[in-house]
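Okay, so here's the structure we're looking at.
The values are calculated or read from the model by the stated rules, or taken from the named source; none is laboratory data. Owing to the predicted nature of the structure, the values given are computational and were not obtained by experimental measurement. Cβ: placed from backbone, ideal geometry, glycine included. Neighbour counts: every protein chain shown. Keep in mind that these areas ignore ligands, DNA and RNA; they rest on the heavy atoms of the full protein, side chains included. Shrake-Rupley method; radii C 1.70, N 1.55, O 1.52, S 1.80 Å.
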Amino acid sequence: MESNSSPHSKLKEVHFSIISITDKFWKTRQETNRTSAILHQWNQLEKSQTINNFRYLSGEKEGFRTGYFYTDSDSHKWVEAASLILHNTHSKQLAKLVEDYFILILKTQEDDGYIFTYNQFHFPEQRWMNFQIEHELYTLGHLIEATCAYYLVTGNKAVLEIGEKAANLISNDFSNFKAKNTPGHPEIEIALIKLFRITKKKCYLKLAETILEKRGKMKFFALQIIKENFSQSKRGKTVEKQRKTVLTDSQLDNAKIMSDLSKEGPLGLSIRTYLQFLSGKYFQQNTPIRKLTKPVGHSVRWGYLATSIAMLYQETGDESLLNALEESWNHMVCKRMYVTGGIGSLPLLEGFGKDYELNNKYAYNETCAAISSIFWSWEMLIATGQAHYADLIEWQLYNAFLVGISKDGTSYFYRNPLETRGNFERKSWYKTACCPSNISRTLAKLGQYIYSINDFTLWIHQYIGSSFNYDLEDGKIISVSMKSGFPWKGSVKIIIENGSEKKLDIKLRIPSWTRKASILVNGKEENIPKYCELDESTASGYSPYDSYYLPIKLDTGKSKIEMSLPMETFLKKSDKKVKCNRGKIALTRGPLVYCFESIDNVDSNIPDSTIKSCTGITELISDSEDKELTLKIDESSGKILKAIPYYSWGNRGKSAMQVWINYEE
Ligand code: FUB
Ligand code: ZN
């Protein structure tokens, strides 16, 4: 199995496929992903006709295409997730679904590599019409990523060729790539760099670089977007006409697409969204990539774009790219991120608000946005070896990401507010179904985020129970096995057997949230710098900047590392500039953010409850099977309030919920 090692990355990835996750917390979730979520998602893709759209085009079935123009991407992302799941699972059923899907794709893909069912079905003569609004390149990007994943897991070259054909088509059709051809929804850039890393064909890297370099350089963007809007709505009307001539009234009713988008939001949001459309900010097309030093616009688009720029940096070593990325990452963390690690505070725009504009109720925080942020931080970590990136990955995994999927894996949150009045619940599917399969692919490759290697140094980024054997060039092996009590207990035990004659360096990440870490190496206490809080204040109250890597040198042979990373409870305050959080606190413990659900606190006024200055916090391990920890806090009225981890809210039907709670000092 190949690992990525790009010329300018500081660290080398340890490929997820050689890592077995043994951790109770995450293993259970990976099991749910494999046995329930992925199959549920397939059924929903069938039910919503997403798969049939390909069958109609390949001639396997007769029928009329349904769904938004980008639905192909949902099933491509599904097959990527399923392929990743198959790396350590023998599921005949899943393997068959995946094989059949790629056969269907082979039949639907045109000889020159084109595949985008919206155009193929409704406008067979038209291609590449509206780069900013329609999602041809985004959809092709997800297909390419899926073929890369399948190839890495199975070695199947025929499937990889599907992706290569699509990439070659783009190269051929756009030998002279213009700024107006750059996509309104980034994704193809990530896919092309992944394809380059596998095939080593420079043309794919070059194409990704060209697309990125041309972004934000379009003259008269407003005119272009008005033109595209007009064209898209005309095409939409044609589709409706086609539909009416073919479908009966009741079929038409079934095929109606009702948007899942929330209409709620601050005053003037429609105008702000419209202006961002015209200026190009929404699409991050307002300025060239080196000048994108603040996160703006649609947050998933932002995350994918930033990820691809960080990947490009690793290949080219262009420091000006890294500088802009570092600046925008810091800006996001310090001024535009929620305490849960959620990003994108504005509905409708589905994107970033102004600095400190972090309303809890409207909070959009799309699950895909958290995922895109994890992807970005990962590329930054690989590029630089800086601990704060790993710290945010941990924080977002346990909070902003995990909240997106229910315990049983069959219902999802698309947006993730920090406060609701009981009118908000998980859904088994969405008309825009980008999040479920994005969650599944991230869970399937979770092992990737735990370790990396460079020279003769093993970096341990995440404390997720796991084991792996690393083959050294001289045929010797380093084997690593880690047990962890996370996210409930800060105890970690790592056994390392270094089969070579060379001493191994270890870098252990000390998380930002622990104050009294202690570490024994082969029974001997390590010297740990005394904790002193940094001055870096953030809008949300969560700051990753206290995290750092502790270097340790191990002798050859077997070593035992025992870590204690005490998980204290914190009452976090946000920056005063976050208006809606004034006088409130958020409760965190270790890597978890807690929240209060009305279902647990029927006599309290959730989401308007108040607590008195720390009258008492009691930690209780629940009797439930997965032993969740709940925190009981005395409320000002003398009643008891119960808090549960934010990721687990919304699993028991409709309920009001709040993260930030009034606090009387
Ligand atoms: O447009 C495709 C996907 O749908 C985006 O990534 C999501 O945010 C949603 O807008
Ligand atoms: Zn999504």
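A few points about this structure:
- Meets criteria (in contact with a Phe, Trp or Tyr (Cβ under 9 Å, 6 or more places away or on another chain), over 20 Å from N416 (Cβ atoms) and part of a loop (DSSP other than H, G, I, E, B)) for M563: no
- Candidate set from the range 260-274 (those that are of a type in the set (S, T, Y) and open to solvent by less than 60 Å² (accessible area, probe 1.4 Å)); member that is modelled with the lowest pLDDT: S262
- Qualifying residue in the range 366-386 (condition: open to solvent by 10 Å² or more (accessible area, probe 1.4 Å), closer than 19 Å to A81 by Cβ and either modelled with pLDDT of 95 or more or more than 14 Å from ligand 1 (Cβ to nearest atom) (or both)): yes
- Cβ pairs under 8 Å, 6+ apart, first in the range 287-310 and within 20 Å of L275 (Cα to Cα) and at pLDDT below 95, second within 15 Å of ligand 2 (Cβ to nearest atom) and assigned to a helix (DSSP H, G or I): none
- If you go through the range 499-550 and pick out every residue that is more than 31 Å from the chain's Cα centre (by Cα), hydroxyl-bearing (S, T, Y) and part of a loop (DSSP other than H, G, I, E, B), you end up with 1.
- Residue match in the range 631-641 (condition: within 29 Å of the chain's Cα centre (by Cα) and open to solvent by less than 40 Å² (accessible area, probe 1.4 Å)): yes
- The residues of the range 409-428 that are open to solvent by 10 Å² or more (accessible area, probe 1.4 Å), within 16 Å of ligand 1 (Cβ to nearest atom) and out of contact with any helix residue (DSSP H, G or I) (no Cβ under 6 Å at 6 or more places or on another chain), listed by number, are R415, K427.
- The listed residues are L554, L592, and the only one of them that is open to solvent by less than 10 Å² (accessible area, probe 1.4 Å) and over 30 Å from N423 (Cβ atoms) turns out to be L554.
- If you check I193, I133 for being in contact (Cβ under 8 Å) with a residue 40 or more places away in the chain, part of a loop (DSSP other than H, G, I, E, B), assigned by TED's automatic domain parsing to the domain that holds R55 and touching a helix residue (DSSP H, G or I) at 6+ places or on another chain (Cβ under 7 Å), only one passes: I133.
- Residues located in the range 210-255, provided they are under 30 Å from T287 (Cβ atoms), of a type in the set (A, V, I, L, M) and open to solvent by 80 Å² or more (accessible area, probe 1.4 Å): L223, I226
- When the residues of the range 1-44 are filtered to those that are assigned to a helix (DSSP H, G or I) and touching a Phe, Trp or Tyr at 6+ places or on another chain (Cβ under 6 Å), the one that is surrounded by the most Cβ atoms within 10 Å (Cβ to Cβ) is Q41.
- Of the candidates F283, F277, the single residue that is at pLDDT 95 or above, open to solvent by 10 Å² or more (accessible area, probe 1.4 Å) and among the aromatic types (F, W, Y) is F277.
- The set of residues from the range 429-465 being more than 16 Å from ligand 1 (Cβ to nearest atom) and of a type in the set (V, I, T) comprises I450, I453, T457, I460, I464.
- A residue that is open to solvent by 40 Å² or more (accessible area, probe 1.4 Å), of a type in the set (D, E, K, R), closer than 27 Å to T618 by Cα and not assigned by TED's automatic domain parsing to the domain that holds S481 cannot be found anywhere in the range 525-533.
- Residue tally, condition assigned to a helix (DSSP H, G or I) and farther than 14 Å from K291 by Cα, over the range 303-341: 16
- Flag for D391 being among the acidic types (D, E), crowded, with 24+ Cβ neighbours inside 10 Å and more than 12 Å from T340 (Cβ to Cβ): yes
- Scanning the range 342-357 for residues that are more than 16 Å from ligand 1 (Cβ to nearest atom) and either assigned to a helix (DSSP H, G or I) or touching an Asp or Glu at 6+ places or on another chain (Cβ under 9 Å) (or both) yields a single hit, Y356.
- Residue in the range 604-611 that is touching a strand residue (DSSP E or B) at 6+ places or on another chain (Cβ under 6 Å), aliphatic (A, V, I, L, M) and open to solvent by less than 40 Å² (accessible area, probe 1.4 Å) present: yes
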